[in-house]
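The values are calculated or read from the model by the stated rules, or taken from the named source; none is laboratory data. Just so you know, these numbers come straight off a predicted model, no measurement behind them. FYI the Cβ positions are ideal-geometry reconstructions off the backbone, even for glycines, and counts take in every protein chain you see. Side chains are part of the model used for accessible areas, which takes the heavy atoms of the whole protein and leaves out ligands, DNA and RNA. Shrake-Rupley method; radii C 1.70, N 1.55, O 1.52, S 1.80 Å.
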Amino acid sequence: MVFADISESTSLYQKLGDAAARNIVNACITLISGTLARFDGRLVKTIGDEVMCVFPSADLAVLAASDMQAQVAASRPGNYPVTIHVGLHYGPVLVEDGDVFGDTVNVAAYLAAVAAAEQILTTEATEQCLSAALKSCVRPIFHTVLKGAVEESTVFQVLWRTDTIDLTDVNLHTSKIIPGDMGSLLVTFDEERLRVDQWRTGITIGRSKDCDLVVSDNFASRRHLTIKLVRTHFYLFDHSINGTFVSLESGEEVHVLRRELLLDGSGQFCVGRSRIERPPEMITFSRDRRSMYRI
């Protein structure tokens with residue numbers, strides 16, 4: 001199972017505008033998809049700027065991911081210096097109407113989320129399935145607890161470049177544990193419930209009718225705040241005049257004004273005024289500890 005994702009695509013849209021950025025994203029997705037046939041791969045689907053695909057063996061998945069990186073690095077899709085980050089995991093999947101499900105999918109998507117630009121990450125289980133020739137092309141770099149596991153396992157980096165002069169040395173004397181798959185974030189307002197996860201990485205809340213959650217309190221700005229998934233964490237970004245008042249599990253109320261706040265656990269927030277003012281609208285949030293990548 002392979003996920004290939006375009007790095008910093010949000011900033012691409014901000015810099016170039018929707019039309020130009022979309023053309024570059026489409027060119028990159030076309031380039032990535034074009035590598036699949038050479039390695040007996042199948043495109044499952046594209047999700048925004050991400051390609052989801054499957055391969056019959058661990059070797060073919062690693063070779064395809066390496067080729068994706070090499071092709072993107074060499075060709076500048078849409079005449080722009082695009083980079084991608086890739087996650088892959090070899091294991092059983094449930095196939096239904098051409099789509100695939102299960103923990104193998106979740107783990108591959110998680111690794112794509114934590115991979116840096118131009119990086120390919122895979123699992124210890126995948127490394128064990130590789131041929132002797134390809135085992136020499138991966139190295140251990142992190143530890144983490146993967147979805148469905150109770151113990152730490154090793155995350156490997158696939159070395160896809162032929163030139164390793166600029167490769168960072170790995171310090172094997174330190175214990176480097178990266179955050180695991182911490183689930184999705186559920187945001188509830190009245191009868192409406194939205195989930196922020198890998199498939200919907202952000203929502204907007206405000207008085208404007210084009211917001212994902214529309215509030216009516218005039219103390220709220222038209223586009224008051226956004227909630228975004230950043231790698232494996234969820235952040236509230238305030239854009240308003242009056243700020244957002246967030247009540248945490250500890251009972252503390254935090255006033256967030258033109259800055260961001262990490263959302264963890266569960267709590268409530270009011271737009272534009274404190275809870276002591278008894279605002280007419282209250283929004284709740286809670287972490288769903290099931291996989292954020294479950295589809």
- What accessible area, in Å² to the nearest ten, does a 1.4 Å probe give for LEU12? 10
- Message: Need one number: % antiparallel among DSSP beta bridges in the chain, to the nearest 5.
- Response: 95
- Task: With unit charges on the beta carbon (Lys/Arg positive, Asp/Glu negative), name the residue among THR188, CYS137, VAL93 whose Cα is farthest towards the positive pole of the charge dipole of the chain.
- Result: THR188
- Query: With Cβ to Cβ distances under 11 Å as the rule, what net charge do the other residues near SER9 carry (K, R +1; D, E -1)?
  - Reply: -2
- Message: Using only the heavy atoms of the protein chains and a 1.4 Å probe, how would ARG287, ARG195 rank by accessible area, largest first?
- Response: ARG195, ARG287
- Query: What number, in percent, do you get for the relative contact order of the range 75-120 if the mean sequence gap of Cα pairs under 8 Å and at least 6 apart is divided by its residue count?
  - Reply: 47
- Message: Just to confirm a number: summing +1 for Lys and Arg and -1 for Asp and Glu over residues other than ASP238 whose beta-carbon lies under 10 angstrom from that of ASP238, what do you get?
- Response: +1
- Query: How long is the gain from ALA133 to ARG195 if the chain were fully straight, where each residue apart is worth 0.36 nm and the alpha carbon distance is subtracted?
  - Reply: 18.1 nm
- Message: From the phi angles alone, apply the Karplus equation (6.51, -1.76, 1.60; θ = phi - 60°) to the range 35-45 and give each ³J(HN,Hα) in whole Hz, x where the residue is Gly or Pro.
- Response: 7, 5, 4, 5, 10, 6, x, 10, 6, 7, 5
- Message: I'd like to check one number: the per residue accessible area of the chain, probe 1.4 Å, reported in Å² as a whole number.
- Response: 49
- the range 140-295, convex hull of Cα, quarter of hull surface, nm² -> 12.7
- Query: Helix 18-34: angle to the longest alpha-carbon principal axis of the chain, degrees 0 to 90, nearest 10?
  - Reply: 30
- By the C-alpha gyration tensor axes a ≥ b ≥ c (rounded if a/c is under 1.5, else prolate when a/b exceeds b/c, else oblate), the shape of the range 63-183 is oblate
- What percent does the relative contact order of the chain come to when contacts are Cα pairs within less than 8 Å and at least six residues apart? 13
- Message: Given a 1.4 angstrom probe, I'd like the percentage of the accessible area of the chain that is carbon and sulfur, rounded to a whole number.
- Response: 50
- Place a point 7 Å from the Cα of ASP18 in the direction of its beta carbon; the residues of the range 192-228 whose amide N falls under 16 Å from it are 204, 209-212
- Per the helix-only model, the chain has a calculated mean residue ellipticity at 222 nm (DSSP H runs of ≥4, -39500 (n - 2.57) each, divided over all residues, rounded to the nearest 500) of -6500 deg cm²/dmol
- Query: Which residue, ILE141, ILE120, ILE84, tops the fluctuation ranking in a GNM of the chain built on C-alpha contacts under 10 Å?
  - Reply: ILE141
- Candidates SER175, SER216, SER153; GNM for the chain (alpha-carbon contacts under 10 Å) flags as most fluctuating SER175
- Where does the range 205-295 land on Rg(C-alpha)/(2.2 N^0.38 Å)? 1.07
- Message: Using a Cα-Cα cut-off of under 16 Å, which aspartates and glutamates could be cross-linked to LYS147, ignoring same-chain neighbours fewer than 8 residues away?
- Response: ASP103, GLU124, ASP181, ASP197, ASP288
- Note on the structure: Any GluC sites (Glu not before Pro) in the range 156-250 that lie in a DSSP loop and have at most 15 other Cβ atoms within 10 Å would be GLU191, GLU249
- Item | Integer Hz, Karplus 6.51/-1.76/1.60 couplings in order for the range 262-274, x for Gly and Pro | 5, 9, 9, x, 9, x, 9, 9, 10, 9, x, 7, 6
- the range 92-152 versus the range 199-255: alpha-carbon centroid distance in Å: 33
- Task: Do me a favour and compute the ellipsoid semi-axes for the chain from its Cα gyration tensor, root of five times each eigenvalue, largest one first, whole Å.
- Result: 38, 22, 18
- Rg (one decimal) and Dmax (whole number) from the Cα set of the range 187-251, in Å, equal 12.0, 33
- Task: Return the ratio Rg/(2.2 N^0.38 Å) for the range 37-107, where Rg is computed over Cα atoms only.
- Result: 1.17
- Query: Which of GLN71, GLN157, GLN128 moves the most in a Gaussian network model of the chain with Cα springs under 10 Å?
  - Reply: GLN128
- Note on the structure: Quick tally, 1.4 Å probe accessible area for VAL95, VAL44, VAL2, VAL214, sorted with the most first, runs VAL95, VAL214, VAL44, VAL2
